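The block underneath contains the structure these notes are about, expressed in structure tokens.
The values are calculated or read from the model by the stated rules, or taken from the named source; none is laboratory data. As the structure is a computational prediction, the values presented were derived from the model and not from experiment. Note that we place each Cβ from the backbone using ideal geometry, even for glycine, and neighbour counts take in every protein chain shown.
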Amino acid sequence: MQSGYEWLMRRAMPRKALTLGVAAGAFGMGLLMIRAIPQRFFPSAERNQFIVDVWTPEGSRLESTDSTVERIASAVRGTHDVRTVATFVGAGSPRFYYNVNPEPPASNYGQLLVNTTSAEATSRLVGSLRDTLARVAPEARVYVKALQQGPQLQAPIEVRISGEELPILRSLGDSVARLIESTVGSEYVSTDWNEDAYGIALTLRHEVASRLGLSEAIARQLAAGFDGAPVSTFWEGSRRLAVRLRYDEQRRTTFTDVADSYVTSPVTHVRVPVRQVADVRPDWHASRIVRRNGVRTITVRSFSTHGVLASSVLDAVRPRVRRSSRGSTSTA
């Protein structure tokens, strides 16, 4: 190496103009290559593991989610180069890797932790299983994800829309989601509000409810009767079990049961049926409302297809979102 360096210096130093020209050309070529090469700040982790997140429709029972997760796990176990599969239903796995945050408990969530034979097999399986598992469980959202380096992120591509009006936020979020879905290279497009859930819309008759002092108390009393109010704790060895008090099952199965339930006025202490102070009807409503810095915010998330960098998809998405958001009072 020393001999080669001395040989190069003996020829370069007498030709200063040529040497400086070659150096400037190499620098310029480097700048051009930086603009042409896709950029990624943190690479994927080279591990013989990957995870599969499973989201069944909002409001699904734990038993239904468990059945879907087991169906997916059976398909994964039968795949070449898969060593073991661990399943978790109702919550995420314990933190086994610094970049993976466990999901909070939810009856419609499950997770698979898959161990493979090698890091090379992991990269291949993450790409091939995405379409396969989507066909195995078409009723669920199935995310096959490689472990990442760097800070923990829900998704590499996010667009946030903030505002106060729920219908406008949902409409803008759906519009941006469709826009991202139509962008080449995007995959697993969703919002953090999830899909709407079928539930009960309760419209107060404000004049009657205010006179009885039930404007705020009615929601608490109905929640206690149908969801349950904590009254005690039962210990089964070291296992802690919450004891909740609520109506028996025969009184909380239909919409009519809600309308026929009695609530007690905190002012007059009179018990009246809900149907006398409110109109009860089935309706679709937002299953989640997320706030960021105290402001209602819907986040549209997307991953990139296997082999495509998220930065490339983001560069294509950003000008389209800006054009679609012009004239809107919300911020993205």
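Please state which one of Ser186, Ser171, Ser182 is outside the structural domain of Gln276 (by TED's automatic domain parsing), closer than 30 Å to Ser312 by Cα and crowded, with 18+ Cβ neighbours inside 10 Å.
Details: Ser171 fails: crowded, with 18+ Cβ neighbours inside 10 Å; Ser182 fails: crowded, with 18+ Cβ neighbours inside 10 Å.
Matching residue, one of Ser186, Ser171, Ser182: Ser186.
Given the options Thr19, Thr79, name the one that is within 22 Å of Ala146 (Cβ to Cβ), out of contact with any Ser or Thr (no Cβ under 6 Å at 6 or more places or on another chain) and not assigned by TED's automatic domain parsing to the domain that holds Leu309.
On the way: Thr19 fails: within 22 Å of Ala146 (Cβ to Cβ).
Every option except Thr79 fails the conditions.
Can you say whether Gly92 is under 29 Å from Gly185 (Cα atoms), touching a residue at least 12 places away in the same chain (Cβ under 8 Å) and assigned to a loop (DSSP other than H, G, I, E, B), as far as the supplied structure shows?
Numbers: under 29 Å from Gly185 (Cα atoms): yes; touching a residue at least 12 places away in the same chain (Cβ under 8 Å): yes; assigned to a loop (DSSP other than H, G, I, E, B): yes.
So Gly92 passes the test.
Is it the case, given these coordinates, that Ala140 is of a type outside the set (S, T, N, Q) and buried (at least 19 other Cβ atoms within 10 Å of the Cβ)?
Taking the combined requirement at face value, the residue satisfies it.
Here are some conditions: (1) free of Cβ contacts under 8 Å to residues at least 60 places away in the same chain; (2) within 23 Å of Val317 (Cα to Cα). Glu165 meets all but one. Which one does it not meet?
(2)
Please specify each residue of region 174-215 satisfying the condition of being more than 24 Å from Ala310 (Cα to Cα) and in contact with a Ser or Thr (Cβ under 8 Å, 6 or more places away or on another chain). Break it down stepwise before answering.
So the first thing to find is which residues in region 174-215 are more than 24 Å from Ala310 (Cα to Cα), and the list is 195-215.
Within region 174-215, Glu195, Asp196, Ala197, Leu204, His206, Ala209, Leu212, Gly213, Leu214 meet the criteria.
For region 198-205, check the following and say yes or no: at least one residue is in contact with a Gly (Cβ under 9 Å, 6 or more places away or on another chain), surrounded by 15 or more Cβ atoms within 10 Å (Cβ to Cβ), hydrophobic (A, V, I, L, M, F, W, C) and touching a residue at least 24 places away in the same chain (Cβ under 8 Å).
No, that holds for no residue.
Of everything in region 34-44, what is in contact with a helix residue (DSSP H, G or I) (Cβ under 9 Å, 6 or more places away or on another chain), part of a loop (DSSP other than H, G, I, E, B) and not hydrophobic (A, V, I, L, M, F, W, C)? Give them in sequence order. So that I can check it myself, show each step before the final result.
First pass over region 34-44, keeping only residues in contact with a helix residue (DSSP H, G or I) (Cβ under 9 Å, 6 or more places away or on another chain): 38-41, 44.
Next, only the ones that are part of a loop (DSSP other than H, G, I, E, B) stay: 38-41.
If the condition is that a residue be in contact with a helix residue (DSSP H, G or I) (Cβ under 9 Å, 6 or more places away or on another chain), part of a loop (DSSP other than H, G, I, E, B) and not hydrophobic (A, V, I, L, M, F, W, C), then Pro38, Gln39, Arg40 are the ones that fit.
Quick one: how many residues across region 229-267 are surrounded by 12 or more Cβ atoms within 10 Å (Cβ to Cβ) and among the acidic types (Asp, Glu)?
2
Looking at region 60-80, which of the residues that are outside any helix (DSSP H, G or I) and surrounded by 14 or more Cβ atoms within 10 Å (Cβ to Cβ) is nearest to the chain's Cα centre (by Cα)? Outline the logic, then answer.
Initial filter on region 60-80 (outside any helix (DSSP H, G or I)): 60-61, 78-80.
Still in the running and surrounded by 14 or more Cβ atoms within 10 Å (Cβ to Cβ): 60, 79.
On the way: Ser60: 16, Thr79: 26 Å.
Once the filter is applied, the top-ranked residue is Ser60.
Scan region 45-58 for residues that are part of a loop (DSSP other than H, G, I, E, B) and either touching a Phe, Trp or Tyr at 6+ places or on another chain (Cβ under 7 Å) or closer than 15 Å to Ala121 by Cα (or both) and jot them down. Even if it seems obvious, please write down each step before you answer.
First, the residues of region 45-58 that are part of a loop (DSSP other than H, G, I, E, B): 45-48, 56-58.
Passing the criteria: Ala45, Glu46, Arg47, Asn48.
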